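J.: I'd like to ask you about the structure that follows.
Only the coordinates and a few stated rules stand behind these numbers; no lab work does. If you're wondering where the values come from, they're calculated on a predicted model, not measured in any experiment. When we count neighbours, we look across all protein chains shown, and the Cβ atoms used for this are built from the backbone with ideal geometry, even at glycine.
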Amino acid sequence: MSGFLLRGGTIINSDGRVEADMLLREGRVVKIGKNLSSQPDDEIIDCKGKWLLPGAIDPHTHMGIPIKNGWSADDFASGSRSALHGGVTTILDFTVQEAGQSLTDSVNHRLELAKPSVVDYGLHCNITRFSPEMLEEIPQLIERGITSFKVFTAYEEAGMRLRYDEIRQVAEVVAKFGGLLMVHAEEGEVIGRAMSSMANLDSPDPRLHGASRPVEAEVQAIHRMAEIADQTECLVYVVHLSSGAGFEASKGHRNVLLETCPQYLLLDESVYGREDGRMYVASPPLRKHEDNDALWLAIASGAVHALGTDHCPFNLADKPLNRPFTDIPNGMGGVETLLPVMLAQFIERKLPVERLVELLSTHPAKIFGMYPRKGVLQQGADGDVLVVDPEVLSEVSLDKLESSIDWSAYTGFKAIFPEQVFQKGQLVLDQYSLQQVVPGEFIKSAGMTFSPVDEG
Ligand code: URP
Ligand code: ZN
Ligand code: ZN
């Protein structure tokens, strides 16, 4: 069967780089080495001067979910096409558990919705409506390849918040069966108090969104969750860490893993004063410039374990002007710009690209049970490969994105988009544009192979 011989590129994994050829066949990396020979029907691609990276894994997307009065504007079909254009070849999305719905039903439903995806996908199971019977579903779901369970310490108004005693029960079962607990860490009580002291809840001013969800909410929730992690020996993965103080609260807890997102590294609360300030409304809110700096330091030191986007995009009309800030649907997009913008940032900040590969591929693959099939370029791995020309720096602009959503927080940011993308050994993107798509596949989590002590 014909394949691709990628000749003479620099292959960058999280543990180093090597100049070599790579042969892709039957969906896999079949060989890496010097002067590999090809067969007559192999296509040979000259990769001299190019970087070959493992496909990025976005561990945090929300395709087509209901939020406040709206729906996030990407479904699995559109969101995954835009992911591919930015070099994301695998996403991990979340179930939506309706009131009265079992975890199993919520998983089955989400798996159906995910079928049109053109990137591979895994699933995290949200637990937003607790009942003790649900605990019995956890081992069965782990058996089915869903090993990560997410709880919320906020969103009381949406009926999604769990109490800490409920979370502890979930943690005990998840730990017993070798799963992972994820948490949206904003303490609902702190948010409630902040809101009740505000006189202007009817105001459309998006700056009030930040005021209503202070850093203290993140700090308190991380403290409580770290305590649960310590007591139950359950690994707790904090999604979308937004603040330096939140990072400090996580220190010293070896069972706590951290994810942050480009928006908490690159944007600060000043954007809420812009004309389009409402579009940046997300939870947790954007913080201060000092928080960006603290999170970059945490990234550079290896204390952050993964980068995700919390991809939950909206069109301008989805967040209408002049409605109370409390009605603005929460969330921003970012799956298409994740790797391109972060790669440009890493180069500008002189951070090793190996660290970026660790955050965008190797760690998510290990944490969510996809390694070594994903997250590394080595013999036997899936042929999810990005060919990047590090010299081709561009600027994010809406007209060049695959996404048809009419707003991006990253417009104007420097970016290095992949020149070619291989999805399971097939060339799906060439010369920066999508050529074809192949069906995405549900990737069962085979269980975590990540050791926070060795790798944290
Ligand atoms: O504002 C956000 N982050 N929306 C998506 C849902 C969540 O909390 O992750
Ligand atoms: Zn969240
Ligand atoms: Zn989220």
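J.: What does the convex hull of the Cα atoms come to per residue for the chain, in Å³?
T.: Cα convex hull per residue, to the nearest whole number: 125 Å³.
J.: Semi-axes of the equivalent ellipsoid for segment 38-116, please: Cα gyration tensor eigenvalues, times 5, square-rooted, ordered largest first, whole Å.
T.: 36, 14, 11
J.: Now, a different point. Net charge within 13 Å of Gly100 by Cβ-Cβ distance, Lys/Arg positive one each and Asp/Glu negative one each, not counting Gly100 itself?
T.: Around Gly100, the charge tally is -2.
J.: Here's a follow-up. What fraction of the DSSP beta bridges in the chain is antiparallel, stated in percent and rounded to the nearest 5?
T.: Percent antiparallel among DSSP bridges in the chain is about 45.
J.: So for Ile328, Ile45, Ile367, Ile347, fewest C-beta neighbours within 10 Å to most, what's the order?
T.: Ascending number of Cβ neighbours within 10 Å: Ile347, Ile45, Ile328, Ile367.
J.: Right, next: Among residues other than Ala306 whose Cβ falls under 10 Å from its Cβ, what is the net charge (Lys/Arg +1, Asp/Glu -1)?
T.: Around Ala306, the surrounding residues sum to -2.
J.: Run the dipole for segment 370-453 about the Cα centre, Lys and Arg Cβ at +1, Asp and Glu Cβ at -1, nothing else charged, and hand back the magnitude in debye, nearest 20.
T.: In total the dipole reaches around 460 debye.
J.: Dividing the Cα convex hull volume of segment 216-258 by residue count, how many Å³ per residue is that?
T.: 52
J.: What does the convex hull of the Cα atoms of segment 178-218 come to per residue, in Å³, rounded to a whole number?
T.: Cα-based convex hull of segment 178-218, divided per residue, equals 82 Å³.
J.: Do any GluC sites (Glu not before Pro) in segment 1-80 lie in a loop, going by DSSP, with at most 16 other beta-carbon atoms within 10 Å of their beta carbon, and if so which?
T.: Glu26
J.: How many percent of DSSP beta bridges within segment 2-52 run antiparallel, rounded to 5?
T.: Once the DSSP bridges in segment 2-52 are tallied, antiparallel ones form about 70 percent.
J.: Treating the angle as unsigned and between 0 and 90°, give the value, to the nearest 10°, between the Cα long axis of helix 338-348 and the longest Cα principal axis of the chain.
T.: Around 80 degrees separate the two axes.
J.: Give the residue from Phe450, Leu258, Tyr432 lying farthest towards the positive end of the charge dipole for the chain; charges sit on Cβ (+1 for Lys and Arg, -1 for Asp and Glu) and the dipole is referred to the Cα centre.
T.: Phe450
J.: Among the listed pairs Lys48/Lys414; Lys251/Lys366; Lys34/Lys444; Lys176/Lys424; Lys150/Lys176, which have their C-alpha atoms separated by more than 25 angstrom in this model?
T.: The pairs that break the limit, which is 25 Å between Cα atoms, are Lys34/Lys444; Lys176/Lys424.
J.: What's the long-distance tail for segment 230-330, i.e. % of Cα pairs beyond 25 Å?
T.: So the portion of pairs separated by more than 25 Å is 28 percent.
J.: How far is helix 215-232 tilted, in degrees, relative to the longest principal axis of the Cα atoms in the chain, given as a value from 0 to 90 rounded to the nearest 10?
T.: Computed tilt is about 70 degrees.
J.: Run the dipole for the chain about the Cα centre, Lys and Arg Cβ at +1, Asp and Glu Cβ at -1, nothing else charged, and hand back the magnitude in debye, nearest 20.
T.: Once rounded to the nearest 20, the dipole reads 500 debye.
J.: Net charge around Glu269, counting only other residues with Cβ within less than 12 Å of its Cβ (Lys, Arg = +1; Asp, Glu = -1)?
T.: +2
J.: Counting helices only, and only those DSSP H runs with n ≥ 4, report the 222 nm mean residue ellipticity of the chain as the sum of -39,500 (n - 2.57) divided by its residues, in deg cm²/dmol to the nearest 500.
T.: -7500 deg cm²/dmol
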